[in-house]
1. Name the single residue, out of those in the range 366-376 being in contact (Cβ under 8 Å) with a residue 60 or more places away in the chain and not small (G, A, S), that is surrounded by the fewest Cβ atoms within 10 Å (Cβ to Cβ).
2. I'm checking my understanding of the structure. Among residues of the range 734-762 that are in contact with a helix residue (DSSP H, G or I) (Cβ under 8 Å, 6 or more places away or on another chain) and part of a loop (DSSP other than H, G, I, E, B), which one is surrounded by the fewest Cβ atoms within 10 Å (Cβ to Cβ)?
3. Can you find even one residue in the range 163-170 that is of a type in the set (D, E, K, R), modelled with pLDDT of 80 or more and open to solvent by 10 Å² or more (accessible area, probe 1.4 Å)?
4. Hey, among G594, G643, G670, which residue is surrounded by fewer than 24 Cβ atoms within 10 Å (Cβ to Cβ) and of a type in the set (G, A, S)?
5. Quick one: count up the residues across the range 349-376 that are out of contact with any Ser or Thr (no Cβ under 7 Å at 6 or more places or on another chain), at positive phi and in a loop (DSSP other than H, G, I, E, B).
6. Could you check the range 522-538 and list, in sequence order, the residues that are modelled with pLDDT under 90 and open to solvent by less than 30 Å² (accessible area, probe 1.4 Å)?
7. Out of contact with any Pro (no Cβ under 6 Å at 6 or more places or on another chain), of a type in the set (A, V, I, L, M, F, W, C) and assigned to a strand (DSSP E or B): which single residue out of L385, L434, L379, L394 fits that description?
Amino acid sequence: MKIQSLSYDEVFSTLMSSPQGLTPDEATRRHGEYGPNEIHEVHGRSMLSRFVAQFTHFLALLLWFAAALCFLSEYLHPGEGLLRLGIAIIAVILINATFTFIQEYRTEKAIEELRKLLPFRVAVVRNGVELEIDADLVVPGDLVLLREGDKVPADARIVAASRLTVNNAPLTGESDSKQLTDAPFEGELLESENLVFAGTLVVSGSGKAVVYATGMATEFGKIAQITGKVVEEVSPLHVEITRVSRIVAVLAVVCGTCFFLIGGLVGRGFWDNFLFAIGIIIASVPEGLLPTVTLSLAMGSKRMASRNALVKSLNAVEALGSVDLICTDKTGTLTQNRMTVKTLWSPDKGAMARTVARFCNNVNVTPEGVKGDSTETALYSYAALHGVANGERLDETPFDTERKRMATLHRIDGKLFVLVKGAGESVLPLCTLLSHGDSAIPLESATVAGLMVRQQKMASEGLRVIALAYRELAELPAGDIPEEGLTFAGFAGLLDPPRPEVPQALKDCHSAGIKVIMITGDAGLTAAAIARDIGLISGEPVIIEGHECASMPDERLREELKKENLIFARMSPQNKMHVVSLLIEEGHRVAVTGDGVNDAPALKKAHVGIAMGLTGTSVAREAADIVLLDDNFASIVHAIEEGRAVFENIRNFTTYIFASNIPELVPYIGYILLGIPLPLTIMQILAVDLGTDMFPALALGAEKPSPDIMQRPPRPKDEHLLTKRVLIRAYLYLGPLEAFAGMTAYFYVMYAGGWSWSQPLATTSNLYLQATTACLAGIIVTQIANVFVCRSPNVSIFTLGVFSNRLVLAGIGTEVALAALIIYTKLGNSLFACAPVGIDVWILLIPFAVLIVVVDETRKYFVRRTGFRVAGLSLPPKG
């Protein structure tokens with residue numbers, strides 16, 4: 001059944017309805033049969049499954065494994081403090097999971113609030129009586145009343161129309177409004193002139209329509225179904241954190257196994273050796289990495305929110321920073337979704353052209369502004385801005401798609417005028433005169449040809465061209481408005497104007513090495529004109545329309561995607577998603593922006609989906625990872641900058657956290673190989689990983705973006721968070737320097753207390769407690785220096801400014817306060833097996849902190865001078 005091709009009577013008989021609407025009983029029965037008229041998420045994840053997922057990703061599993069080892073060790077060898085450590089690790093997992101879940105839950109609630117902005121009440125006729133009902137109670141067969149400003153509640157066939165004009169931009173992406181009719185139509189469904197679709201807006205006029213599809217059966221719902229079936233891409237950060245976790249797991253197990261074997265070779269018993277290997281593994285796991293990454297992403301999310309980008313998933317913060325290609329919609333994203341007269345060409349000064357534009361329309365002027373069809377409101381606003389006389393409408397011949405013009409009869413300043421506007425090919429043949437000042441001259445055939453050329457030129461610039469004409473009458477016509485013998489007044493060229501901030505945002509994207517491709521449902525020439533105007537293209541555009549895209553072999557389409565100045569026009573949701581899928585297969589990290597229902601599948605398929613919060617549909621917002629609260633394309637550039645900074649900062653604090661693993665590991669090596677009392681206890685490792693290290697690491701996560709971060713190309717897809725250079729920096733010189741400091745302090749206290757080599761020492765003796773505390777103090781002091789050197793892998797701390805990141809200073813202050821609580825209070829001593837140390841220990845350790853700064857500043861100096869590649873960043877030689 002083609003609902004659009006049916007006659008008036010056939011519509012009612014086919015849908016088993018009537019001009020009086022359904023009876024209440026029948027409406028209730030159909031509601032039970034078809035269900036509520038609402039769009040629901042297909043295969044959506046429940047909040048419970050999202051919460052559970054926080055406990056099962058790879059880094060969480062690594063921590064679960066470490067906690068299990070702690071409990072096993074406590075069972076085999078009680079009293080070593082491993083029970084506390086296991087409980088602490090589980091607490092970290094729980095707190096981190098809860099924090100992440102709450103962040104995503106709050107965002108879902110914010111999206112829910114946006115969803116509440118959708119209409120809830122609909123006017124219908126049931127049993128001959130007009131009623132207002134909830135939108136979710138609309139059923140197939142309902143006779144719906146449509147009025148200006150209404151949002152259409154369901155797909156419906158029009159059976160009565162009075163200048164009914166609807167904007168289908170949320171569904172199709174086309175910016176132009178469309179005047180509809182109740183006559184049968186033989187064309188395609190979405191092009192039908194007698195159908196209205198759920199989620200679209202009634203711009204002007206009124207009408208009646210019989211509902212034929214509700215809920216998920218609507219075109220809106222079908223796109224939602226496509227969206228629900230799309231397999232989401234895994235975020236780059238999720239991939240990297242999983243990779244880091246696996247590397248850490250492998251290193252920890254290898255170290256534990258190696259030292260288990262070494263212990264066997266030096267004659268240690270099996271169980272002692274086994275417990276020692278567990279200690280090695282636990283010491284190698286950076287327990288603080290998971291909460292630090294989560295909190296860093298949360299801070300990045302908060303900074304994005306302050307720039308009007310609402311982040312639904314924390315991983316999307318960094319993912320946006322990794323994109324190298326943005327596929328953007330045009331209408332409502334690059335443009336204002338508001339038609340404007342860009343140019344008015346007239347053979348004279350244009351007074352009569354403005355008069356036609358002012359009066360030959362059906363706009364409604366209200367205290368809130370001018371309401372009506374976007375083209376007519378643009379013409380009216382333009383004419384009113386330039387000032388025209390007052391007039392009285394006497395008659396009208398409405399616009400229809402066959403005539404392609406509209407005519408009105410007006411009395412203006414006591415004179416009678418016929419005013420006509422419409423397509424040039426419809427209006428020009430009716431013109432015999434050409435406006436010329438206060439008079440008119442005959443319109444020659446050569447002049448007509450010239451006018452047609454001018455119209456085509458304006459159209460080639462992407463303008464919607466409206467011809468304006470008039471005729472002065474001596475007396476009121478007896479019948480229809482006469483439309484022949486007109487005087488041509490001019491052409492109005494209209495365009496949905498670009499957002500003013502977009503050109504600069506596109507320049508910033510270009511500087512950052514990010515390619516932008518326009519994918520729109522609008523016409524190719526219109527899209528190209530906008531693209532040229534905003535600087536998206538610089539040469540001849542390569543325009544691929546939806547039907548070409550659908551029939552084009554994938555190999556050829558892949559080649560087209562490599563071209564510059566590429567524009568996709570008249571694209572369906574399936575076309576758009578196919579293009580995004582191919583771009584991802586080609587190795588791009590893709591962000592997709594959009595606001596319409598037609599954008600939703602591509603939004604979900606992309607690495608990062610970005611929806612418009614103000615004008616976006618609920619389906620688009622639900623499919624996206626980020627929602628722009630100000631619908632500003634420029635906010636995307638700010639968010640990309642934040643995303644890049646987040647990755648850079650995560651790498652910096654990963655270096656910082658990993659560096660402390662070595663001074664936590666070396667005491668165990670000394671314990672097994674040298675036979676000395678264990679220089680650092682498990683609880684002291686916990687004090688570092690989940691205590692003193694946490695706040696400085698978080699401060700590194702808040703480091704401002706590098707000044708040149710948006711002048712660099714996107715990082716290569718094969719560039720990882722944890723590189724060989726990061727490991728070398730953390731494990732081969734920052735970590736060993738810290739270990740040297742800790743062990744030096746340990747032996748200094750031991751020898752000062754009269755200890756001799758191989759002398760047994762009770763773990764409860766004051767000397768042993770002071771010695772292990774000195775080792776802990778060595779790690780804390782050198783980590784203070786380390787937080788400064790890790791602020792950048794290549795820029796000097798003195799260039800950055802020692803005091804430029806106040807959060808680092810606050811983090812160090814917190815670290816010092818925690819160290820004081822652990823070392824100099826009874827509670828801290830009891831929990832972490834510590835004892836107070838003298839000022840001589842701190843004085844001994846200060847040169848080690850200075851040494852770390854000097855060594856790393858020297859390395860950075862040579863990096864800048866030679867252009868070596870360090871920590872994943874390639875730098876040109878200085879000078």
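The values are calculated or read from the model by the stated rules, or taken from the named source; none is laboratory data. Just so it is clear, the structure is predicted and the values come from calculations on it, not from any experiment. Backbone-built Cβ (ideal geometry, glycine too); neighbour counts: all protein chains shown. Keep in mind that these areas ignore ligands, DNA and RNA; they rest on the heavy atoms of the full protein, side chains included. Shrake-Rupley method; radii C 1.70, N 1.55, O 1.52, S 1.80 Å.
1. That would be K371.
2. G754
3. no
4. G670
5. Going through the range 349-376 one residue at a time, the tally reaches 1.
6. D522, A523, G524, A527, A528, A529, I530
7. L394
Here's the yes/no breakdown for (1) open to solvent by 10 Å² or more (accessible area, probe 1.4 Å); (2) of a type outside the set (A, V, I, L, M, F, W, C):
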| residue | (1), (2) |
| --- | --- |
| K515 | yes, yes |
| N565 | yes, yes |
| D599 | no, yes |
| I610 | no, no |
